[in-house]
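The values are calculated or read from the model by the stated rules, or taken from the named source; none is laboratory data. A quick note: this is a predicted structure, and the numbers were derived from the prediction, not measured. Every residue, glycine as well, gets a Cβ built from its backbone with ideal geometry; the counts of neighbours run over all protein chains shown.
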Number of protein chains: 2
Amino acid sequence: MIGRLNHVAIAVKDIASATKVYQNTLGAKVTDAVPQPDHGVTTVFVELPNTKIELLEPLGADSPIAKFLERNADGGIHHICYEVDDIIAARDQLKGQGARVLGTGEPRIGAHGKPVLFLHPKDFCGTLVELEQA
Amino acid sequence: MIGRLNHVAIAVKDIASATKVYQNTLGAKVTDAVPQPDHGVTTVFVELPNTKIELLEPLGADSPIAKFLERNADGGIHHICYEVDDIIAARDQLKGQGARVLGTGEPRIGAHGKPVLFLHPKDFCGTLVELEQA
């Protein structure tokens, strides 16, 4: 079912500083920072040859990554995103196997403009998994 | 400096159960479990079209992932591995910029038979970073 690793998301308190780490220290290609008010985050993508790292900084009062950063003051890997061909078919197959889908269970349009869902970390090796329709 | 994302490593208490999650629930291709006594882990690779997920289970009394699993009982993402062309040049460049290399600072031969180094999470957005010579 799962295809490519679309991205690994790293939550940070200061995205300008994190961008410098990836651009200057690690010598990677990075995009400009884009505020995503619908998602409560500002994003920068680190463009690697085979996939992306998504840097996330909280935006607004109810950011979904605020609690994570309270527990992880230095930042840390927040989630991992796998591509699927058909997100509804993937969801229904996963639910049929007992996996828990977060939120309403209906796909939302994610930061890349494509339908996404999040799966419960306890069902996936302690890892928050995002599925994105490719 | 950094090139491809070589793998994302997920530490788990029970690699047989984690392998079933990736093979059966998520429908991915997985390798057999391989004990790596020199590294204190047993590994399974989940082979995605563009990169790999490395599942790690502690092996032996002094496993380097034992403490992580004490803090993360369900498992979790342990580190992320980027490829570099020349690990000595990369190390020296990073040290010159003030980044901390873990252990002796000399590369070891990693689970893939190639030279690897680990970088201090506090210098890299709270993320344990492995560098592997491609």
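So here's what we get for this one:
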{"read-out": "Failed condition for residue A:74, given (1) under 30 Å from residue A:18 (Cβ atoms); (2) touching a helix residue (DSSP H, G or I) at 6+ places or on another chain (Cβ under 7 Å); (3) in contact (Cβ under 8 Å) with a residue 12 or more places away in the chain", "value": "(3)"}
{"read-out": "Residues that are within 16 Å of the chain's Cα centre (by Cα), of a type outside the set (A, V, I, L, M, F, W, C) and either within 30 Å of residue A:95 (Cα to Cα) or crowded, with 18+ Cβ neighbours inside 10 Å (or both), drawn from the range A:4-35", "value": "A:4, A:6, A:7"}
{"read-out": "Some residue of the range A:10-18 being in a strand (DSSP E or B) and under 22 Å from residue A:114 (Cβ atoms)", "value": "yes"}
{"read-out": "Of residues in the range B:64-105 being of a type in the set (Asp, Glu) and over 17 Å from the mean Cα position of the chain (by Cα), the one nearest to residue B:45 (Cα to Cα)", "value": "B:74"}
{"read-out": "Which listed residue, of A:99, A:16, is closer than 24 Å to residue B:24 by Cβ and among the aliphatic types (A, V, I, L, M)", "value": "A:99"}
{"read-out": "Hits in the range B:113-134 (condition: part of a loop (DSSP other than H, G, I, E, B) and over 10 Å from the mean Cα position of the chain (by Cα))", "value": "B:113, B:114, B:120, B:124, B:125, B:126, B:127, B:134"}
{"read-out": "Among the candidates B:104, B:127, residue that is touching a strand residue (DSSP E or B) at 6+ places or on another chain (Cβ under 9 Å) and either among the β-branched types (Val, Ile, Thr) or modelled with pLDDT under 95 (or both)", "value": "B:127"}
{"read-out": "Qualifying residues in the range A:69-95 (those that are of a type in the set (D, E, K, R) and surrounded by 19 or more Cβ atoms within 10 Å (Cβ to Cβ)) - the one farthest from residue B:123 (Cα to Cα)", "value": "A:91"}
{"read-out": "Hits in the range B:96-121 (condition: basic (Lys, Arg) and either surrounded by fewer than 13 Cβ atoms within 10 Å (Cβ to Cβ) or away from every other protein chain (no Cβ under 14 Å) (or both))", "value": "B:108, B:114"}
{"read-out": "Answer residue from the range B:37-59, given it is surrounded by fewer than 14 Cβ atoms within 10 Å (Cβ to Cβ) and away from chain A (no Cβ under 14 Å) and is farthest from residue B:108 (Cα to Cα) among those", "value": "B:37"}
{"read-out": "Count of residues meeting criterion [closer than 12 Å to residue A:90 by Cα and either more than 14 Å from every other protein chain (Cβ to nearest Cβ) or out of contact with any Phe, Trp or Tyr (no Cβ under 8 Å at 6 or more places or on another chain) (or both)] in the range A:122-133", "value": "1"}
